[in-house]
Structures are given as structure tokens and as C-alpha cells.
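Undergrad: One structure is given below, represented as C-alpha cells, and several questions about it will come after.
Every number here is computed from the coordinates shown, using simple stated rules; none is lab data. Computed from a predicted model, the values in this text were never measured in an experiment. Methodologically, a virtual Cβ is constructed for each residue, glycine included, from the backbone with ideal geometry; neighbour enumeration extends over all protein chains shown.
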Amino acid sequence: MDAGKRKEFRQTLQALAARIRAADAQTEGERAPVELDQQAVGRLSRMDALQVQAMALETSRRRAVELRRIAAALARIDEGDYGACLECGEEIAVRRLELTPAAPLCIACASGK
Ligand SMILES: [Zn+2]
């Protein structure tokens, strides 16, 4: 992969990470602990609140996983081996990287073939 393309992917990955961090910061309130003994909140809405919180925590967990994948991809760019499949070493198709720039595996290895 040429330097220009690598630079492009670096910018894409950085922008992606910034978007994920911003989204995570925006929904911070949804992950706050649900107050269980609040008089004003009925039993049903407490259940709702817990469910919303559980979903928010799961979304946040997935974002953290994605951020780690992005950080790893950025590290590979720095080390010059970005774009090579971590499993077989073959080049990952640029089209695949354009769709999922943090992809660590080629399509064959990712699909277990
Ligand atoms: Zn592979």
C-alpha cells in the first residue's frame, strides 16, 4: 500500500475514532446507575430505565471494542504493516478496508475459509 493511501486510511480511522468517542460521550447519561429507590419513578419505568441502561452499557462496550480495533489498525499503519492480514499475511483488499478500515483480517480468514 502506498504512502498516500496509508495516510488516507489513517485519517479515516482517526475520524472514525473521534466519532465513536463523541457518540459515547453524548450518551454517558444513559449509562448512569439507575436509582432504585426513587419515589417518583414507578416500578415499570424503573424496569424501563434499567433496560435502557443495560442497552447503553452494551453499546458502550461495543464502542470500546471498536476503538481498540481502530487503535490497533493505527499502530499497524505506524509500523508499516497495515493492510496485511494478521492471520495469513496476504494483503487485505483495499475495497474491504474502505468498508471496514480497522479490519485485521482478509475476507477469507475473517470468514474462516
Ligand atoms: Zn488472511
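Undergrad: Could you work out the relative contact order of region 10-113, using alpha carbon pairs under 8 angstrom and six or more residues apart, expressed as a whole percent?
TA: Worked out over region 10-113, it gives 26 percent.
Undergrad: A follow-up question, please. If you build the Cα gyration tensor of the chain and take the root of 5 times each eigenvalue, what three semi-axes come out, in whole angstrom, biggest first? Please list the in-between numbers first.
TA: Numbers: eigenvalues 309, 46, 17 Å².
One finds semi-axes of 39, 15, 9 Å for the chain.
Undergrad: Taking amide H atoms as placed 1.01 Å from N in the peptide plane, list the residues 5 or more away in sequence, or in a different chain, whose amide H sits under 5 Å from that of residue 84.
TA: So residue 84 has HN proximity to 92.
Undergrad: If you take every residue apart from residue 53 with its C-beta less than 13 Å away from the C-beta of residue 53, what net charge results, scoring Lys and Arg +1 and Asp and Glu -1?
TA: On the way: positive: 31, 46, 61; negative: 28, 30, 35, 48, 58.
Net of charged neighbours comes to -2.
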